[in-house]
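All remarks here apply to the structure that follows.
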Amino acid sequence: MDVTTPVIDHGARMDIFEAIRLRRSIKPERMKTDPVDRGLIEQLLEAANWAPSHGQTEPWRFVVMSGDARLELAEAVCRDLADPGQPTLPAGDPRREKLMEKFRTPPYVIAIVVAPSTNPKIFEHEELASTAMAVQNMHLAARALGLAGFWSSGKKTFGPEVAQHLELEAPARCLGFFFVGWPGVPWPEGTRRPAGDKVTWR
Ligand SMILES: Cc1cc2nc3c(=O)[nH]c(=O)nc-3n(C[C@H](O)[C@H](O)[C@H](O)COP(=O)(O)O)c2cc1C
């Protein structure tokens, strides 16, 4: 496969409403192992960087991992998920196997980090909001390029071993991992409850 050619021929020219509507999370295990050109990842990071932030704090940070770096991150996750008294998830443990498959399949894993400003006028939830917007920009840009994305979070991403591995200094913290690769399955259908159910007009 030509890694520089987007899967969708209209590529980044996809209409914004179409990209919003058609953006989907595709699980890392359902992505292809095919390489993705680094230039495409740089386009995603550039899109992320145009997110808004209160006070222009630009609190989003990304650690981009490919090749063995993905598996080194997975090892940090295994240490965080180890049973009490154990150093890591042992070889043969199905949790380790599942995790490794997840990290080894897509060519890129991007750690999503928020580095909140020390400005007392900026609240942490504002910084979280800005960072999430940066990720959404990245995910929409990925969709427009035909690339699959998946934001994975939870216990496996918030642990101390992962933070140390990413060399995070408080108050910076990891908000999850964004997996990127070419989709290995047809784009899933999305569903949403009606927008009107979540809106009050006054
Ligand atoms: C902040 C955030 C964290 C997420 N973490 C997880 C996760 O840990 N595991 C998971 O299966 N999906 C996770 N997702 C993806 C959601 O499951 C997905 O966005 C949702 O099912 C809607 O599907 P769509 O993105 O295709 O519209 C996360 C999404 C966001 C925005």
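Does ASN119 count as in a helix (DSSP H, G or I) and of a type in the set (S, T, N, Q)? So ASN119 does not fit the description; no.
Taken over the stretch 94-115, the criterion of being in a loop (DSSP other than H, G, I, E, B) and open to solvent by 20 Å² or more (accessible area, probe 1.4 Å) is satisfied by ALA115 alone.
For the stretch 44-67, state whether one or more residues are under 22 Å from PRO160 (Cβ atoms), of a type in the set (A, V, I, L, M) and either assigned to a loop (DSSP other than H, G, I, E, B) or over 14 Å from the mean Cα position of the chain (by Cα) (or both). It would help to see each step written out before you state the result.
Let us first name the residues in the stretch 44-67 that are under 22 Å from PRO160 (Cβ atoms), namely 59-65.
Next cut, of a type in the set (A, V, I, L, M) only: 63-65.
Next cut, either assigned to a loop (DSSP other than H, G, I, E, B) or over 14 Å from the mean Cα position of the chain (by Cα) (or both) only: none.
Scanning the stretch 44-67 turns up no residue that is under 22 Å from PRO160 (Cβ atoms), of a type in the set (A, V, I, L, M) and either assigned to a loop (DSSP other than H, G, I, E, B) or over 14 Å from the mean Cα position of the chain (by Cα) (or both).
Within the stretch 116-151, the set of residues being open to solvent by less than 10 Å² (accessible area, probe 1.4 Å) and free of Cβ contacts under 8 Å to residues at least 12 places away in the same chain is empty.
Look through GLY184, GLY190, GLY159, GLY149 and report the one residue that is under 25 Å from SER66 (Cα atoms), within 13 Å of the ligand (Cβ to nearest atom) and of a type in the set (Gly, Ala, Ser).
Working: GLY184 fails: within 13 Å of the ligand (Cβ to nearest atom); GLY190 fails: under 25 Å from SER66 (Cα atoms); GLY159 fails: within 13 Å of the ligand (Cβ to nearest atom).
Only one candidate passes the filter, namely GLY149.
Given the structure, is GLY159 in contact with an Asp or Glu (Cβ under 9 Å, 6 or more places away or on another chain), over 28 Å from THR88 (Cα atoms) and open to solvent by less than 50 Å² (accessible area, probe 1.4 Å)? Give the derivation first.
Numbers: in contact with an Asp or Glu (Cβ under 9 Å, 6 or more places away or on another chain): yes; over 28 Å from THR88 (Cα atoms): no; open to solvent by less than 50 Å² (accessible area, probe 1.4 Å): yes.
Here the answer is no, as GLY159 does not meet what is asked.
The values are calculated or read from the model by the stated rules, or taken from the named source; none is laboratory data. For clarity, every value in this text was computed on a predicted model and none was experimentally measured. All Cβ positions, glycine included, derive from the backbone under ideal geometry; neighbour counts span all protein chains shown. Calculation scope for accessible area: heavy atoms of the full protein, side chains included, ligands and nucleic acids excluded. Shrake-Rupley method; radii C 1.70, N 1.55, O 1.52, S 1.80 Å.
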